[in-house]
Structure formats: C-alpha cells, structure tokens
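Okay, so here's the structure we're looking at.
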Amino acid sequence: MGRSIIVNMAESCARVVVAEDDVLLREGLASLLGEAGFDIVGRYGTHTELMAHVLQLNPDLVIVDIRMPPTHTTEGLDAARTIRQELPDTAILVLSGHVQVEQATELLRGGQRMGYLLKDRVSDVDDFLSTLDRIIKGASVVDPALVQELLDARRVEDPLQPLSPREREVLALMAEGLSNAGIARRLWLAEGTIEKHVRSILTKLGIAEAAENHRRVLAVLTFLGNN
Amino acid sequence: MVTRLSDRFAEELAALRRVATLVARAAPPEEVFAAVAEEAGRLLGAHHSWMTRYDPDGAAKLVATWSSTGAAVPAGTRLRPGGRNVYTLVFETGRPVRIDGSTDATGLVVDPACEVAYGAAVGVPVSVDGRLWGVMVVASPQGEPLPVDSEAWLAGFTELVATAIASSRARVELRWFAEEQAALRRVATLVARAAPPEEVFAAVAEEAGRLLGAHHSWMTRYDPDGAAKLVATWSSTGAAVPAGTRLRPGGRNVYTLVFETGRPARIDGSTGTSGPDCEVASELGVRAAVGVPVSAAGRLWGAVVVSSTQGEPLPEGTEARLAGFTELAATAIANAEAQAELAASRARLMATADATRRRIERDLHDGAQQHLVSLALQLRAVQRAAPSGAGELVRQLDGLATALIEVLEELREIAHGLHPAKLAERGLRNALKALARRSAVPVRLDVRVEGRLAEPVETTAYYVVAEALTNAAKHAHATVAEVRVAVGEGVLHVRVRDDGSGGADVTRGSGLTGLKDRAEALGGRLALHSPPGEGTTVQVQLPVEQARPTAVGAADPGAAHCPQAVPR
C-alpha cells in the first residue's frame, strides 16, 4: 500500500525545501521524500540558511522544524510567517516536538496550505505522504494529538455536551483539517450525511459557517482553545 | 524642769513618728522635706527652718522652708556658695555647725539669699549613702538662743530624711530599670520575630527616645564616606526629620564623631555643633546629643543618636543605656543580612535547578527525540527495502517502529514534566490554559496577567498550580477546581481552590513543601488552608520584581555586602 502512494507522489514532482537542524533526521526525511518522487531543491540546518535561499527557490512546499538554531525556540514559526508573506502559494508544514494550540491557530491564520504536525508523524510514512499531498493541494492540517487534547479537556461547563458521539468524531476530523468529502471517506459515510452533521455541530457550538476549509479549521480550533 | 524635758521628749517622739510614717508609706521626698522643716522648726521653737540640697560647688538649693511667721523664703531659691554661714560651714566641714549671734558679727550670719539676720542658727548635714547630700537648718532671731541639744534633735530628723531620699532613689532606679527592660523587651520581641529591619529601627528610635527623655532620636546608616542616612527618626514633639534624609559627612557633630572614632560620642551645648548638616540639628533646636555606634558583622554600620533641646547635658550613663538598643539593632541587621544571604542563595540554587531542568528538556527535545524520529525513519526505509516475501521481517520492523514512537511519546511527557516549553514560549496564561486542559479535574480558570513576568515567578506560579491540580485529582478526589491568578500592587497572587476532601499538610513531605521553599526563595509566601472535609485552598504571593537571578559561578560580588532586605 505504501508503494502505491509513493508512485502517486512521484507524478506530482513537487519541489520541496527541508529545514531541520538534526542532520540524521533531515537526511532521512529528504531521502524518504526523494523516494516518494518529490524534488528536494534545498536542505538547511538553520533559520538563517533557510531564509537566505527559500525566497529565491520559490518551492511548492517547505517543511520546517519549529525549533532551530540560533535560539531553538520558535524559528520555524517566524520562517513560516515570512515565507507565507513573500510566497503566498507555497505550502508550509511546520514540524514540532510538542504541539500547542496557540501555535496552530497562529499558523492557520496565515491562510490555507498550512500544516502543523508532531515530528513523530514522519515515521508513519503513508499517512505522512498523503498529508503532504493534501497540504500542497490546499488543505490545512492540524496534528490529531492536539485535536485530541482539546477534545479530551475536562471542562466545568462543557460546551461539547450537546454533541452526539458521532458529531464529536466529525468535529475532531474537522479540526484536523479534513474536508467534508475527506471526513465522509474516513468514516465510510455519505458526504451529504457529513454536511448535515457539520451544520448541526456548528449550530450547537455557535460557530459561523466558513466558505473555505482552512477558515473552518481555524474557527473550530479557536473555539476549542478558548473553551 | 524634769516634766518639761519629758514633755519635749514626748513631743519629739511624736514629731519623729509623724515623719517616719511619711517615710514608711513612701511619700514623695518633697513632702518629707516639708514635714521635717516644719516639725523641726516647731519643736526647737525656731522662727525659720529649711532644708537645702548642695550642688557640687557648694551652692545650695532650698528644697523645703518653714517659718513660724508664715513669711518663708520660697523653696527652689538658690544660695550662692561661700561666706561665713551655716550651709557653707556644713558643706566645708561635713559636720553639724552652730553660729551664735552673741559671739559672731551679725552681718556674718546674714543669709545671702534673704538678707535676714538671726540670733542663732544650727545646721546638721544630711548624708545619703555616705555622701553629703544637703543640710537641715533651724534659726532663731537675736535674743532667743536655740536649745543646746538642737544638733542631737535635728540629727534624728536628718536620718529620716536620708532614709526617705535613699529609698526614693532606689524606687526611681527600680522604675527606670523596669522601664528600660520593658522597652528593650519590646524591641527584642520585634527582632525575635524577624520583623523587617525598618520596623526594628523605628522601634529603637522611639523606645530609646522615650526612655531617655530625649526630644529627638534617630538611627542612621553610614555610607563609606561618613555620610549618614536617617533610617528611623522619632520626636517627642512630632516634628521629626523624615527618614531617608541624608546627612553629609564631616563637621563637629555626633554622627561624624561616632563615624570617626567608632565609639560613643557626646556633644553638649549648641556651640559645639558644626558641619554641613548642622542646620538639621539647629532647626530642631538640638543643644545636646549622645550617639552610640551600631556595628554589624564587625563593621561600623550606623549610629543611634538621642538629643535634647535643653541646655543641660544629657544624663551620665546615657551611652550605656543606648548600648542595649544598639545591640538589638545590630542583631536585627545581622539577622536580615543572614536572611537576605540565605534567600539569595536559595534563589540561586533554584535558578540553577531550573536552568538544569531546562537544559535537560532541551537536550531531550533537540537530541534524543530527534534521533529517535530519524531512527524510526530509517527503520521505515529498511522496511520498504525489504525483499518481497520477507513478510515476517517487515512485520517485526513495523513493530519496532511503533515501539519507537511510543518511546517518543513517553519522552515527550518526561520533557514536558521537566520544564514546560510552552511556559517559556507562550507565558503563564497560555501555559496555565494547557495545564487546565490536561487536568483530570475540571478547572475554572481566571488569569489576569498582562505580558510576561520574571521567569522564576512564572515557573513557580506554574508549578504551584500544577501541583495543586494534581493533588486535587489524586489525593482530594475533587470534582472541580478553581484557579485564579492576578497581579496587584507588585505581587502575583495565585489561588487554587478545590472541593475535595481537604486535610492536606504542607509539612508532610508533599510537593507543596518544595513549592513553599520556592516561593520563599523569591521573597514570597505560600499558605495552605485544608480543613478535613472542606476542600483545599493553596495561596501564593510572589513579588513581581525579582533581582536578576545570578548565574552560577558569576555571583554578584556585591550581593553579600548589600543585601536587599536592608535599606541602603
């Protein structure tokens, strides 16, 4: 099954820049992506190196580690912000050792083609490659662990109380960035059914409907982060 | 004649008994003096009688007078020394003296104070504790000689007078001693319960001032150049110089003398004071002052000064009495310095521990975690490269990769527990939000903190909330917790309250003990209220302004000498 996706990716031939300070991980990632048919046009170990080249390269996708030299704090977020401003069509995936809702919403505010994942996800190769594919095609993706943490939070007055178990499932997938069609495929349900669920959820939670998918993700995440 | 003698004897006994009764019931000395003057005058048929007290130069002050005619010289009159008269002769000889008008020139018996001539006068010394204190004099007009045994009769009275003076003196001394002890005890109590030095200094100034009957008193702290800063002031009139005033070095004044000699100093009379800041003294009308040094850790720290606006010198022994207070002040200073050093050292230890935790967290994050991810990637690569037909091998590799990811998750939890990266990156509010989300007990969170606080303050507040929420879930089985965090008047207030079983005790080796130490190291406090069955409330107050934590090995060399807790 893994092989089939790799073949699919080769056809897309997307131009990718990888920025990761751990050399083993950087090379491992590059070789994985190379095998999958991506065109690795740049590999960098620091924020400075990345920013020195990325604008010129104008890649389809930038994969960037959030913590990099010099300060090992949030260089990846700064890079994502600048790249989004200068190259609005470039997809950006930020990898992090741990996930924070504030960082996710900050990234998603930058618009579509944004991803925010735990680093561990790269080892689930098929899933990872299909996620990259979705981001490049315009989706916004949020790590399921973060969504789960937000959904699992015990609340004094739980605003999610009125949701049915199925609606909770749908809400989680909405927060991860799946489109209605994507959710339908994942849950083996008709897209029309998902549409009904989504409308019901948004009404119950008082979230305005959004035309674009990434706005919906942002709205759901913001709701979960604030409640 | 026999009858007359025995009558007089009975009269004298009655008179002595009346005076003795006064002495026995501790009547004020003035009352005893007045009674003696009158009883002796009447008994000996004198026209005038008086009692005087000597100054060291032989001048005499009338302390009681009586006259058979009612025209007595007022008490308080001073008689100059010298001449040939009873009080001078008694002063010079220390023995009873009689002057007879018939044998001596009249003018010589003239009292220099009242210009009255007497036929005869008898004076008997009053001695207290072996020292000549004063004289008892009876006088009669010319032609009426005094009885021959007048000296013996008078001696009976002067002994009673001496007793009255001695016991009154003893009582005064006792009262003084008691007052001094009470004043010292009040200051010592403050020192013992580690009151802020400012409070101790203020108490020293006031208690010393009151006890010594001073008009002004103050405590100063010296700069290295001899300038002095008033750290506490007190005034009997309420017109004190404000604390914080700086007195410039130099000149002739008590604080400079103490600074120069390191010993107690005294100045009497306004003419003796000079220097750049003597106007402070003259404004207050200071005319006499005594200063005693305050030493801490073997160094001259400051001085306690009491002063008077009267021309008379401050009493002998003022220095010794002040010393009791300066010793207490020195103890308070030493305590505060030791405490400040202790707090600084605790804060350094804490900063070091925090830095270590942060470093380990970073090492895990940037090192071990990354390596594990790349290992997992390599495993996946091997898995893909496996020849077809190696299904078992592929399954085993898959299991390994999955196990690696589980290790990664564990490692992430450990790193988070060591030091929440979010706290450093996103500040207290966001870190507490995440903490509340992860809490097993639902949390009502109210955080009113704008911007960032000093790192040790944020970290301590975070750990307090984390520990309290863990306890609420694990030990108290609470169903809800409330977290309130706010900054007010330079202090961060943290309160975590739950509805659990209560009965928590900060002394019983819980995680709260370490947090209490943490709070105190930052100059804050942690209080626990946890009655059984009534839930638990943890409250912490942390000063927002923190001295920059000094890095290990780069401790501020001045820190030990200038502890924060002692005002400069």
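The values are calculated or read from the model by the stated rules, or taken from the named source; none is laboratory data. All of these numbers come straight from a predicted model, not from anything done at the bench. FYI the Cβ positions are ideal-geometry reconstructions off the backbone, even for glycines, and counts take in every protein chain you see.
Select from the stretch A:167-198 the residues that are touching a Ser or Thr at 6+ places or on another chain (Cβ under 8 Å) and part of a helix (DSSP H, G or I) and write down the one among them that is farthest from B:ALA473 (Cα to Cα). Among those residues, the one meeting the criterion is A:ALA184. When A:ALA181, A:ALA190, A:ALA175 are checked against the criterion of being under 19 Å from the mean Cα position of the chain (by Cα) and surrounded by fewer than 19 Cβ atoms within 10 Å (Cβ to Cβ), A:ALA181 stands alone in meeting it. Taken together, the residues in the stretch B:367-406 that are of a type in the set (D, E, K, R) and more than 8 Å from chain A (Cβ to nearest Cβ) amount to 4. In this structure, B:VAL135 does not satisfy being under 23 Å from B:ARG17 (Cβ atoms) and in the same structural domain as B:MET51 (by TED's automatic domain parsing).
Inside the stretch A:66-103, residues that are closer than 18 Å to B:ARG426 by Cα, more than 12 Å from chain B (Cβ to nearest Cβ) and modelled with pLDDT under 90 make up a count of 0. What about B:GLN396, is it modelled with pLDDT under 90 and assigned to a helix (DSSP H, G or I)? No; evaluated as a whole, the condition is false for this residue. Looking at this structure, is B:GLY503 on the phi > 0 side of the Ramachandran plot and in contact (Cβ under 8 Å) with a residue 12 or more places away in the chain? Yes, satisfied. Give the residue that is surrounded by the fewest Cβ atoms within 10 Å (Cβ to Cβ), with candidates limited to residues of the stretch B:416-427 that are more than 7 Å from chain A (Cβ to nearest Cβ) and out of contact with any Phe, Trp or Tyr (no Cβ under 7 Å at 6 or more places or on another chain). Restricting to residues being more than 7 Å from chain A (Cβ to nearest Cβ) and out of contact with any Phe, Trp or Tyr (no Cβ under 7 Å at 6 or more places or on another chain), the top hit is B:GLY417. Given the conditions (1) touching a Leu at 6+ places or on another chain (Cβ under 7 Å); (2) within 14 Å of another protein chain (Cβ to nearest Cβ), report the number of the one that A:ASN227 does not fulfil. Checking A:ASN227 against (1) touching a Leu at 6+ places or on another chain (Cβ under 7 Å); (2) within 14 Å of another protein chain (Cβ to nearest Cβ), the one that fails is (1).
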